[in-house]
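Chemist: I am attaching a structure below and will ask some questions about it afterwards.
The values are calculated or read from the model by the stated rules, or taken from the named source; none is laboratory data. Fair warning: this is a prediction, and the values are worked out from it, not measured in the lab. Backbone-built Cβ (ideal geometry, glycine too); neighbour counts: all protein chains shown. To get the accessible areas, we keep the full protein, side chains included, count just its heavy atoms, and leave off ligands, DNA and RNA. Shrake-Rupley method; radii C 1.70, N 1.55, O 1.52, S 1.80 Å.
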Amino acid sequence: MKEVYEDIKEAIMFLNKEKNSGHSFNKYSTSFLFTTENQEGISKILDYKDKNVWSVAASGDQYLASIYYGARKVDLFDINRFAYYITYLKIGAIMTLDYNEFLNFFVPVHNYNIEKSFWDYDILLKVLKVLPADVALFWKEVIFYITNMGKQFGNFVAPNNFYNSLMIVVRGMPFYNMRNEYLILKSKLLKMEFPSFKEVDIANIKSEIDVKYDILYLSNIIECMVRNELERSYFMNLSLEDEIEKEKYKLVMEQVRHLLNKKGQILLGYRTNTRIEEATDFLYHNDALEVRAISSKVLPYDELGFEASDVDLVLTYKMR
């Protein structure tokens, strides 16, 4: 349990704004509550049925979608330690709470204001019963601290982000949008063990994991790596973007290709609210990769009313 107490200490530092990961991803980073990726659209590109999947943990939505759409087994990884706790809390919440209670507990914004029931300590007590001991201890301490702070979340999560509003959360997510589909997901989760999780940097995967999968779900990890590299340059030199993308793409493929079964598939990128003609960089003009447009998860306008494209781009690689 020593590691859990260290994780709790780090979480409290984020809650107190003593730490801020910004756009970078480290062992401890500001965490996502929900994905901005349309899982219903992705399921028409990735055939999850009876497949073994290796997925980034992130907010847990990628795991839930894989199970909902019929994956046989899903193993998780993430560089961010907090993603482990977020994902397990979400799984446990679905296992123990009814549909409306889950939405009230986990979706922060329903009508433009943060709900009082979001991460409510009394509701948490129901969820703790099914969580592994380390995860239960973490959330008992962290949410108790949040409650005593008057529901202040610091840099730990951003509950009032536009993406965390109910109208966005349910788009492209049948198990959030409809009670019957939520119950289908719940019944599947109740029959399964919690997934395995490995805290690892994708740049070091080759030496850490030696298991074969049918689907590798990498979300937009490459783009995040590129952005981090660009932000390290003093002038944010965008002319370097293609060269950095080529470098990171090569690095990631060298690290993960050995994990892929024959005829396997990798989700290598996801770009929100973007049309193909707007994506002019190397990744989206690579003959080895396929780009598909699906309906946007996030509404084609943001909280300030700025319009954007109404499609998202899904970037995949298939073993040939």
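Chemist: Considering amide H positions built from the backbone, and no H for Pro or chain starts, which residues 5 or more places from Ser296, or on another chain, come under 5 Å of its amide H?
Modeler: Val311, Asp312
Chemist: How many percent of Cα pairs in the stretch 192-280 exceed 20 Å?
Modeler: The share of Cα pairs beyond 20 Å in the stretch 192-280 comes to 45 percent.
Chemist: Estimate the FRET efficiency between Arg72 and Glu181 by the formula 1/(1 + (r/R0)^6), using the beta-carbon distance for r and 25 Å for R0, to the nearest 0.05.
Modeler: Here the calculated transfer efficiency is 0.80.
Chemist: Quick one: which residues, 5+ away or cross-chain, put their amide H under 5 Å from the amide H of Tyr301? H built at 1.01 Å from N.
Modeler: For Tyr301, the qualifying residues are Ala308.
Chemist: Express the carbon and sulfur contribution to the solvent-accessible surface of the chain as a percent, rounded to the nearest whole number, probe 1.4 angstrom.
Modeler: For the chain, the apolar C and S fraction of the accessible surface comes to 49 percent.
Chemist: Evaluate Rg over Rh across the stretch 147-223, taking Cα atoms for both radii and Kirkwood's formula for Rh.
Modeler: Ratio of gyration radius to Kirkwood radius: 1.04.
Chemist: Right, another one. Which value, to two decimals, describes the C-alpha radius of gyration of the stretch 37-153 once divided by 2.2 N^0.38 Å?
Modeler: For the stretch 37-153, the normalised Cα radius of gyration is 1.13.
Chemist: Tell me which aspartates and glutamates have Cα within less than 18 Å of Lys19's Cα, excluding those fewer than 8 residues away on the same chain?
Modeler: Glu6, Asp7, Glu10
Chemist: Considering only lysines 8 or more places apart in sequence, or on different chains, count the pairs in the stretch 165-320 whose C-alpha atoms sit under 16 Å apart.
Modeler: 10
Chemist: Separate question: Calculated from DSSP H runs of 4 or more alone, at -39500 (n - 2.57) each and per residue, what is the 222 nm mean residue ellipticity of the chain, nearest 500?
Modeler: -11500 deg cm²/dmol
Chemist: Suppose every K and R has +1 on its Cβ and every D and E has -1 on its Cβ; what is the size of the dipole of the chain about the Cα centre, in Debye to the nearest 20?
Modeler: 1040 debye
Chemist: Output needed: percent of Cα pairs per 10 Å distance bin for the stretch 80-139, bins running from 0 to the one holding the longest distance.
Modeler: Distribution as computed: 23, 54, 22, 1 percent.
Chemist: Follow-up question, since we're still on this one. Efficiency by 1/(1 + (r/R0)^6): what FRET value for Asp287 and Asn148, r their Cβ-Cβ distance, R0 = 51 Å, to the nearest 0.05?
Modeler: The pair Asp287/Asn148 has a calculated efficiency of 0.35.
Chemist: Follow-up question, since we're still on this one. With every protein chain kept in place and ligands, DNA and RNA left out, what is the accessible area per residue of the stretch 127-232? Probe 1.4 Å, answer in Å².
Modeler: Spelled out: the 1.4 Å probe surface of the stretch 127-232, per residue, equals 48 Å².
Chemist: Return the sequence-ordered ³J(HN,Hα) values of the stretch 34-40 in whole Hz as given by the Karplus equation 6.51 cos²θ - 1.76 cosθ + 1.60 applied to θ = phi - 60°, using x for Gly and Pro.
Modeler: Each residue of the stretch 34-40 in turn: 9, 7, 9, 9, 6, 6, 5 Hz.
Chemist: Ok, one more. What lysines could a cross-link reach from Lys17, if we take a straight Cα to Cα line under 22 Å and drop same-chain neighbours fewer than 8 places away?
Modeler: Lys17 reaches Lys9, Lys27, Lys116, Lys140, Lys151.
Chemist: A follow-up question, please. Using modelled backbone amide H atoms (1.01 Å from N, in-plane), which distant-in-sequence or interchain residues come within less than 5 Å of Gly269's amide H?
Modeler: Those qualifying (amide H under 5 Å, at least 5 residues apart or on another chain) are Leu315.
Chemist: Work out Dmax and Rg for the chain from the C-alpha atoms and quote the Rg first, both in angstrom.
Modeler: 19.1, 55
Chemist: Given the C-alpha centroids of the stretch 216-231 and the stretch 63-96, what is the distance between them in whole angstrom?
Modeler: Centre-to-centre (Cα) distance: 21 Å.
Chemist: Quick one: in the stretch 89-224, what % of C-alpha pairs are over 19 Å apart?
Modeler: Taking all Cα-Cα pairs of the stretch 89-224, the fraction more than 19 Å apart is 61 percent.
Chemist: Which aspartates and glutamates have a Cα lying under 14 Å from the Cα of Lys49, excluding residues fewer than 8 positions away in the same chain?
Modeler: Within reach: Glu40, Asp214.
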